[in-house]
Amino acid sequence: MSQECLVYIDGEYYPKKEAKISVFDHGFLYGDGVFEGIRVYDGYVFRLDDHITRLYESSKSIDILVPISKEEFKKAILGTVRKNKLKDAYLRVIVTRGLGDLGLNPVSCPTPSIIIIADYLAPLFEGKNATAIISSTRRNAITALNPMIKSLNYLNNVLARIEANKADTSEAIMLNQNGTVSEGTGDNVFIVKNGKLITPPPTAGVLIGITRETVIALAKEEKIEVIEKDLTAHELYNADEAFLTGTAAEVAPLVEVDRKKIGTGKPGPITSRLMEKFRKIRKSGTPVYS
Ligand code: PXG
């Protein structure tokens, strides 16, 4: 992160060193809050409206009333990128429950806080092919903390990530309570089988990734059939191709799972086509400077 980085907190900009949130904020005490990770490509914010929609939907589900309108929020995001004079950036947008007392009851927190950090982020797998284990940590059940809520509570994913570190793979694929594939720790999973694209549905316990939605639209443009259905580990191991999608990961080939090669063990033709299409549309977002 650059030293002169300016962080937006509740309408004011603070230098990195002074950008602080209280230890009494329930976002810190309980992971009580929501967030978004957004990329800016060459001065264009990728899918800003979709990120804002998801942020407000996550907030609604956990009963946080975002204290500003969606339009104001978008202006604050664009303003933060401009303030930091960035063209390519990664934005971390956070809404916390806000300052309260030590009890978990959110009634002690009158005002949610809004934080916007603009920084750089290298592609998650550094442009390399991803490898994964299937983690023994199951994804949160949709009846517990629904993974569709992008909450500050990522411990479930962190535990799976630690397993990946220990297994020396670049990602961990999490299964849901039924034992079918949900998602990676920070990305969605796709397989290609017999020319068709398959990805787990929302009921499998996944975040509805904005990159996931983008790739589905790109595949449809290419007349590739897209199916949302439950996937077993067996289907993943025996896929012709597999890839991961996410703001951090972008579109990354997944070439090995549990030390088994997926297809040829190299990025497949449909994966490569979608990666290429994704690269081409990355700069089609909301302009920061105009
Ligand atoms: N599943 C989970 C659990 C995620 O956290 C995705 C899927 C992909 O969603 P998007 O909308 O980004 O296509 C995510 C997003 C990081 C990082 O630093 C992780 C995400 C986003 C940005 C940064 O690891 N995860």
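Values in this text are rule-based calculations from the coordinates and carry no lab data. Nothing here was measured: the structure is a model prediction, and the numbers come from that model. Note: ideal-geometry Cβ built from the backbone for every residue, glycine included; neighbour counts use all protein chains shown.
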*So, in nm, how far is label Asn178 from label Ile227 when the simple model puts each one 7 Å beyond its Cα toward the Cβ?*
1.5
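Give me Tyr41, Tyr289 ranked fewest to most by other Cβ atoms within 10 Å of their Cβ, as a rough exposure proxy.
Details: Tyr41 16, Tyr289 10.
Arranged by neighbour count, lowest to highest, Tyr41, Tyr289 become Tyr289, Tyr41.
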_Mean ellipticity per residue at 222 nm, deg cm²/dmol - from DSSP H runs of n ≥ 4 across the chain, formula -39500 (n - 2.57)_ = -8000 deg cm²/dmol
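Rounded to two decimals, what is Rg over Rh for segment 124-194 when you use alpha-carbon atoms and the Kirkwood radius? Before the final figure, lay out the partial values.
On the way: Rg = 12.2 Å, Rh = 12.6 Å.
Rounded to two decimals, Rg over Rh is 0.97.
Gain in length, Asn194 to Val107, computed as 0.36 nm per residue apart minus the alpha-carbon separation, to one decimal in nm?
Working: separation 87, 0.36 × 87 = 31.32 nm, distance 5.30 nm.
Using 0.36 nm per residue and subtracting the Cα-Cα distance, I get 26.0 nm.
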_Apply the Karplus curve 6.51 cos²θ - 1.76 cosθ + 1.60, θ = phi - 60°, to the phi angles in segment 226-231 and return the couplings in whole Hz, x for Gly and Pro._
10, 10, 9, 8, 4, 10
*Karplus-derived HN-Hα couplings along segment 23-39 (A = 6.51, B = -1.76, C = 1.60, θ = phi - 60°), whole Hz, x at Gly and Pro*: 5, 8, 6, 5, x, 7, 5, 10, x, 8, x, 9, 8, 9, x, 10, 10
*Fewest to most neighbouring Cβ within 10 Å: what's the order for Tyr90, Tyr8?*
Tyr90, Tyr8
*Where a label projected 7 Å from the Cα of Asp88 along Cα→Cβ would reach, residues of segment 234-265 with amide N under 15 Å*: 248-251
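Kindly identify segment 72-182 as rounded, prolate or oblate by the Cα gyration tensor criterion: order the square roots of the eigenvalues as a ≥ b ≥ c, call it rounded if a/c is under 1.5, otherwise compare a/b with b/c, prolate if a/b is larger, else oblate. Kindly include the intermediate steps, with their values, before the conclusion.
On the way: a/c = 2.63, a/b = 1.23, b/c = 2.13.
Judged from the Cα gyration tensor, segment 72-182 comes out oblate (a/c at least 1.5, b/c at or above a/b).
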*Once both labels are modelled 7 Å past Cα along the beta-carbon direction, what's the Thr264-Lys70 spacing in nm?*
4.3
*Which three extents, in whole angstrom, do the alpha-carbon atoms of segment 1-123 cover along their principal axes, largest first?*
43, 31, 26
*asked:* For Leu102, Leu152, which order do you get if you count the other beta carbons within 10 Å of each Cβ and list the fewest first?
replied: Leu102, Leu152
*Rg in Å to one decimal, and Dmax rounded to a whole Å, for the chain via C-alpha atoms*: 19.2, 56
*If you take the C-alpha gyration tensor of segment 130-281, multiply each eigenvalue by 5 and take the square root, what semi-axes do you get, largest first, in whole Å?*
22, 17, 14
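Stretched out fully, how many nm does the piece from Thr203 to Ala141 gain, at 0.36 nm a residue minus the Cα gap? Mind dumping the intermediate values first?
Details: separation 62, 0.36 × 62 = 22.32 nm, distance 0.95 nm.
Stretched fully, the Thr203-Ala141 segment lengthens by 21.4 nm.
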